[in-house]
């Protein structure tokens, strides 16, 4: 299935890092023993749901809950008047969301209130009895409508419905324009998509005295704790967040969804545990998925294809609230500079408010659409210059140890090698330009940050803290971290790292994560940060343990008086510890078990604890928005797809895919390949099938997996996942990310393969059979007209 | 997404089921696999006060060949049972394959063929191929029974000619002279997608000449329809790609599709052309597939 090519990181002899060890959660998950939020039950638990708007934009005249309150079993109904009147969000610059709508509803599905009852059935019955009277207001559903002069204003604070406006310029565009040999403009459109995780949002809250305990399905225990404390004016120490296993996130469980806040509020009122849960359709209504983006790029190149300048304008359909959208808007422009090395760059972006569910982060945050657009644009430039598309990319690929014009320091970066390996592995040279009509091959590049350089809310806290405790008798260790395993496997990877750093058996370590009371600070699973950031903290905690073990062991080990490599008292630096055995480096026969040493330490000093700290330090430039896109390390990747298009029906079948990832040292190859397979599935779905669709009144049309079509196993091609296995100086053991970056090249490479197959650029995603059919038909008709 | 309250009956025979349906009239609904009715109830599109379960009736669970009559398919067999039936795989692999193309494995495992027909969704996968093979439906009611050509069972989207007390009990694919048949489903993904267009074709070939043909179109009209002009055009013509392509154009002119979230009418019409051509080719050259 997958090949590994050892490259640039040859010199490693690790016990656990770099091996496809069995996942820590695998037995729980395959046997069904593992608990997800919906499996949790507490005595006297009540069941609740949000009351949602049935208008896209309207003033609330009256909410009549009297009939619902009379229904036996209904325990509480709350609306805006019953909760703090504080606004929240994820970016402090744009806290614009109320717990419940105070005056107007801003999209079909907006939160009006919450209700809880003794069982689910009663909740659904009661929901139907709540009568909301509206004064319907004119609404806008596209950025174009929102931008009209006479468009209704959705927020007072966003005149012209512009939620975020960005104008960044680096270098000297005008000068570069004079020097350009060839200039081309392309406009491409990416659609609104959703994450497609199978576990809907859910939260259970109950109060223990002044403290509240929330169980949730979320991507960050820390952010949830922070925002709940802020919203309810509590101390963070009085909010405990615990997550059971999480059934996927992909960026859709970073925001506060409303189940969390309302569970806390309703549990306070009722004095009972309250479980708030979404039906599947509500996951779509909650939204926070990929923004629709309309992207225009103008690029000037030399005769050899070297990019001299890029001017870009991106218009984002933001939906009703900001959420992570400010960061999305910046991300849409800022990472292009990492991928390709050019000095002169202008990025303008406008994020519009529309009366639709809010958009936010989705795997590759802000990247996949711009990558799709720019990679398509590059293929046209290559074609116009008569160049091979990969050669054009090789001319412009960024190199290691460089700094981007927008101030990012890029250490390891092997995009050139990724392109070359993908080209050779896919048989590109035998295929490009040589395949029959209807068959095509395309390339796309991408990559991502390995953790964001700054916390989403402003704080001086370290980004990750690790702690390891060894059992009294030295036979077992517990790793503590608030890192969140949402299925990507961070628990496994961090356990491997702890084992490696300590020199202790992987199978004798338990990891304690996803709990603000028990585990130590980490910002959670977003921006592809866990392996590097939580990894550093855990590595350092492991090394702290090992240091203490070697000091203790030096007192216990004796080298032979005669025949040994030397005699006398040992120093700790003469020792090493691997896989549970402490030994003299020069004479490994002289050794003692980790457990014996750890027990002796315990007898003498008490508990053996290791501590680790990670902060990325100050990163980035000083311009407005300079923080977004900063990261200690950047991954890069090249993907190639081969497709077959039915020229009569427009159906695209992806027949082969290749991914070459420059993701630093690979801690667990199996998990990396899993990410790459998943990324192709997600990316192919977004290229060909998926689009969140609404009717003319803003009502969601496809909030289910039947009509929001993601690829099934039967739709998936063979995936050839290749690893460069590079080394990143800013990562523990040289690691970088793979989770999000792997999705960023997919849309572009599949779209380019389709273009190669049919010779027509369908410039708006998704490339549904009908759009391809229409594109072919229009091209045919235009040709006929020309012929006449 | 919660089922409303209802009364449930579990009759021992078709006759008892019909009596219950007669008694409760429009308040009652029969279910077998429940893959359509229960979903509609959860979505509040349907609120029967009484549900009559017929999925357990063994008399509806047969697939057999009766010499002189044809292949008899009980209405209570699931799509997976149709798919895996030795009788059908031998005689009409095309029917077995059509069942396999329906929805996804979970639905095929529960949903019955009788339910798929009675639910009368325009995009249903089983009606086109069965109509193309001149299938008849036996309908049993409280007051007696009748047999209709399957194509006469449909009255409109989600509507059949069945009375409240009537159930389809079996389908018969008569021994006929068709030499080949096939159903081509065009959905927007490999599994778990409704047909945007479904075309079934059957042909009777004799020395390279088309003696008779049926073309049945799904998802492009309120009910599955035969493209009769295209059928007539084919009769007596030599089989060949050009002839089939022309038949596709004619069939395309006979359908009246709608535009919806899945496809436009214009696209559907052209897909009727494409898949009529392909289905005829396949049925003429490969037999019942």
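Of all residues in region B:45-66, which are under 25 Å from residue A:280 (Cβ atoms) and either out of contact with any helix residue (DSSP H, G or I) (no Cβ under 9 Å at 6 or more places or on another chain) or at pLDDT 95 or above (or both)?
B:48, B:51
Can you find a residue in region A:733-754 that is in a helix (DSSP H, G or I) and within 14 Å of another protein chain (Cβ to nearest Cβ)?
No, there is no match, as no residue in region A:733-754 is in a helix (DSSP H, G or I) and within 14 Å of another protein chain (Cβ to nearest Cβ).
State whether one or more residues within region A:436-446 are free of Cβ contacts under 8 Å to residues at least 40 places away in the same chain and in the same structural domain as residue A:644 (by TED's automatic domain parsing).
Within region A:436-446, one or more residues are free of Cβ contacts under 8 Å to residues at least 40 places away in the same chain and in the same structural domain as residue A:644 (by TED's automatic domain parsing).
List the helices (runs of 4 or more DSSP H) that sit entirely inside region A:110-217 and contain at least 2 residues that are surrounded by 20 or more Cβ atoms within 10 Å (Cβ to Cβ) and within 14 Å of chain B (Cβ to nearest Cβ).
On the way: elements: A:120-129, A:143-147, A:173-179.
Fully inside region A:110-217 and qualifying: A:120-129.
Considering A:590, A:643, which residue is part of a strand (DSSP E or B) and closer than 26 Å to residue A:711 by Cβ?
A:643
Working carefully through the options B:150, B:194, find the one that is touching a strand residue (DSSP E or B) at 6+ places or on another chain (Cβ under 7 Å) and outside the structural domain of residue B:23 (by TED's automatic domain parsing).
B:194
Given the conditions (1) in contact with a helix residue (DSSP H, G or I) (Cβ under 8 Å, 6 or more places away or on another chain); (2) assigned by TED's automatic domain parsing to the domain that holds residue A:440; (3) within 22 Å of residue A:328 (Cβ to Cβ), which single one is not true for residue A:691?
Going through (1) in contact with a helix residue (DSSP H, G or I) (Cβ under 8 Å, 6 or more places away or on another chain); (2) assigned by TED's automatic domain parsing to the domain that holds residue A:440; (3) within 22 Å of residue A:328 (Cβ to Cβ) one by one, residue A:691 breaks only (1).
Say whether the condition of being more than 14 Å from chain B (Cβ to nearest Cβ), surrounded by fewer than 24 Cβ atoms within 10 Å (Cβ to Cβ) and free of Cβ contacts under 8 Å to residues at least 24 places away in the same chain is met by at least one residue in region A:763-782.
Yes, there is a match, as at least one residue in region A:763-782 is more than 14 Å from chain B (Cβ to nearest Cβ), surrounded by fewer than 24 Cβ atoms within 10 Å (Cβ to Cβ) and free of Cβ contacts under 8 Å to residues at least 24 places away in the same chain.
Condition first: over 30 Å from the mean Cα position of the chain (by Cα) and surrounded by fewer than 19 Cβ atoms within 10 Å (Cβ to Cβ). Can you find one or more residues in region A:17-24 that meet it?
No: region A:17-24 contains no residue that is over 30 Å from the mean Cα position of the chain (by Cα) and surrounded by fewer than 19 Cβ atoms within 10 Å (Cβ to Cβ).
Residue under question is residue A:326, and the condition is that it be touching a helix residue (DSSP H, G or I) at 6+ places or on another chain (Cβ under 7 Å) and at negative phi; does it hold?
Answer is yes for this residue.
For residue A:672, are the conditions met, namely being in contact (Cβ under 8 Å) with a residue 40 or more places away in the chain and either assigned to a helix (DSSP H, G or I) or over 22 Å from residue A:538 (Cβ atoms) (or both)?
Details: in contact (Cβ under 8 Å) with a residue 40 or more places away in the chain: yes; either assigned to a helix (DSSP H, G or I) or over 22 Å from residue A:538 (Cβ atoms) (or both): yes.
Taking the combined requirement at face value, the residue satisfies it.
For residue A:283, are the conditions met, namely being crowded, with 24+ Cβ neighbours inside 10 Å and within 14 Å of chain B (Cβ to nearest Cβ)?
In short, yes.
Need pairs with beta-carbon distance below 7 Å; first residue at the interface with another protein chain (Cβ under 7 Å from one of its Cβ atoms) and within region A:699-725, second at pLDDT below 95 and crowded, with 21+ Cβ neighbours inside 10 Å; sequence gap 6+ or separate chains.
Within 7 Å, the pairs are A:709/B:193.
For region B:51-88, name all the residues that are out of contact with any strand residue (DSSP E or B) (no Cβ under 9 Å at 6 or more places or on another chain) and assigned to a strand (DSSP E or B).
none
Looking only at region B:216-231, decide whether some residue is on the phi < 0 side of the Ramachandran plot and within 13 Å of chain A (Cβ to nearest Cβ).
No, region B:216-231 contains no residue that is on the phi < 0 side of the Ramachandran plot and within 13 Å of chain A (Cβ to nearest Cβ).
Does residue B:86 count as more than 29 Å from residue B:20 (Cα to Cα) and away from every other protein chain (no Cβ under 14 Å)?
Working: more than 29 Å from residue B:20 (Cα to Cα): yes; away from every other protein chain (no Cβ under 14 Å): yes.
In short, yes.
For every residue, the table says whether it meets (1) in contact with a helix residue (DSSP H, G or I) (Cβ under 7 Å, 6 or more places away or on another chain); (2) modelled with pLDDT of 95 or more; (3) part of a strand (DSSP E or B).
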{"residue": "A:419", "(1), (2), (3)": "yes, yes, no"}
{"residue": "A:424", "(1), (2), (3)": "no, yes, no"}
{"residue": "A:430", "(1), (2), (3)": "no, yes, no"}
{"residue": "A:451", "(1), (2), (3)": "yes, yes, no"}
{"residue": "A:461", "(1), (2), (3)": "no, yes, no"}
{"residue": "A:465", "(1), (2), (3)": "yes, yes, yes"}
{"residue": "A:494", "(1), (2), (3)": "yes, yes, no"}
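If you check residue A:548 against the conditions, is it surrounded by fewer than 23 Cβ atoms within 10 Å (Cβ to Cβ), farther than 30 Å from residue A:450 by Cα, in the same structural domain as residue A:475 (by TED's automatic domain parsing) and without any contact (Cβ under 8 Å) to a residue 60 or more places away in the chain?
Numbers: surrounded by fewer than 23 Cβ atoms within 10 Å (Cβ to Cβ): yes; farther than 30 Å from residue A:450 by Cα: yes; in the same structural domain as residue A:475 (by TED's automatic domain parsing): yes; without any contact (Cβ under 8 Å) to a residue 60 or more places away in the chain: no.
Judged against the criteria, residue A:548 is not a match.
Could you tell me which numbered condition residue B:48 fails, if it satisfies all but one of (1) in a loop (DSSP other than H, G, I, E, B); (2) surrounded by fewer than 14 Cβ atoms within 10 Å (Cβ to Cβ)?
(2)
Contact list please: Cβ distance under 6 Å, first residue in region A:423-435 and under 15 Å from residue A:393 (Cα atoms), second residue part of a helix (DSSP H, G or I), pairs at least six apart or on different chains.
A:423/A:390
If a residue must be buried (at least 20 other Cβ atoms within 10 Å of the Cβ) and without any contact (Cβ under 8 Å) to a residue 60 or more places away in the chain, how many such residues does region B:160-186 contain?
2
From A:314, A:328, A:354, A:299, grab the single residue that is closer than 17 Å to residue A:396 by Cβ and crowded, with 23+ Cβ neighbours inside 10 Å.
The match here is A:299.
Scan region A:646-690 residue by residue and report those that are in contact with a strand residue (DSSP E or B) (Cβ under 6 Å, 6 or more places away or on another chain) and either closer than 15 Å to residue A:712 by Cβ or within 14 Å of chain B (Cβ to nearest Cβ) (or both).
Passing the criteria: A:652, A:653, A:654, A:655, A:677, A:680, A:684, A:686, A:688, A:690.
Of the conditions (1) touching a helix residue (DSSP H, G or I) at 6+ places or on another chain (Cβ under 6 Å); (2) free of Cβ contacts under 8 Å to residues at least 40 places away in the same chain; (3) surrounded by 18 or more Cβ atoms within 10 Å (Cβ to Cβ), residue B:263 clears all except one; give me its number.
With respect to (1) touching a helix residue (DSSP H, G or I) at 6+ places or on another chain (Cβ under 6 Å); (2) free of Cβ contacts under 8 Å to residues at least 40 places away in the same chain; (3) surrounded by 18 or more Cβ atoms within 10 Å (Cβ to Cβ), residue B:263 is out only on (2).
Among the residues of region A:496-537, what is the count of those that are over 21 Å from the mean Cα position of the chain (by Cα) and part of a helix (DSSP H, G or I)?
Adding up the residues that qualify gives 10.
All but one of (1) in contact with a strand residue (DSSP E or B) (Cβ under 9 Å, 6 or more places away or on another chain); (2) assigned to a loop (DSSP other than H, G, I, E, B) hold for residue A:596, so report the exception by its number.
The number of the failed condition is (2).
Out of the residues in region B:259-289 meeting the condition of being more than 14 Å from every other protein chain (Cβ to nearest Cβ) and in a loop (DSSP other than H, G, I, E, B), tell me which one is nearest to residue A:774 (Cα to Cα).
The residue in question is B:289.
The values are calculated or read from the model by the stated rules, or taken from the named source; none is laboratory data. What you see is a predicted model; the values in this text were computed from it and never measured. Using ideal geometry, Cβ is built from the backbone for each residue, glycine included, and neighbour counts are taken over all protein chains shown.
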